[in-house]
């Protein structure tokens, strides 16, 4: 199944039936408004969760890498809210959404594992948003700034 996932999250998936899906770079995993039938766990490669803006610009909402769950909120949705595209050749483990939800509802310990996972993802997303806003502010004040330069400035107190 998924060897690189945390032991705790792996225990949530243990014993659930699923199938491996192999994708070439550029392949679509799902599209906005598709019905949600499966949850995807990245085994290999990178999958981008993308929302298209009205002007056609792509906003990458998730860069799902090995050990990641793609579009976690889909477990509680009837349809997809974004597109998911393989950024590289990839392998996913697909588990039926209904089986995954039953597992969460079956025992409180699984709900706790899921809640901790989601909390961690919220923290990572907030950190990413903060870094992006700092880069934008630094760019306005000092011109283009690399992530490394920004981190060096932050650690130096400037």
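Quick look at the numbers
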| read-out | value |
| --- | --- |
| Among 124-131, 66-73, the order from most to least packed when residues are scored by Cβ within 10 Å on average | 66-73, 124-131 |
| Projected label distance in nm at residue 102 and residue 124, using a 7 Å step from Cα toward the beta-carbon | 2.8 |
| Cβ crowding within 10 Å averaged over residues, with 52-58, 93-99 ranked highest first | 93-99, 52-58 |
| Stretch gain in nm, segment residue 132-residue 77, where the contour uses 0.36 nm per residue and the Cα spacing is subtracted | 17.0 nm |
| Length added when fully stretched, residue 33-residue 52, from 0.36 nm per residue minus Cα-Cα | 5.6 nm |
| Globularity ratio of the range 1-106, using Cα Rg and 2.2 N^0.38 Å | 1.04 |
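All of the numbers you see were taken from the coordinates with simple rules; none came from a lab. The structure displayed is predicted, hence computed values, not measured ones. Here Cβ is always computed from backbone atoms with ideal geometry, including for glycine, and neighbour counts include all displayed protein chains.
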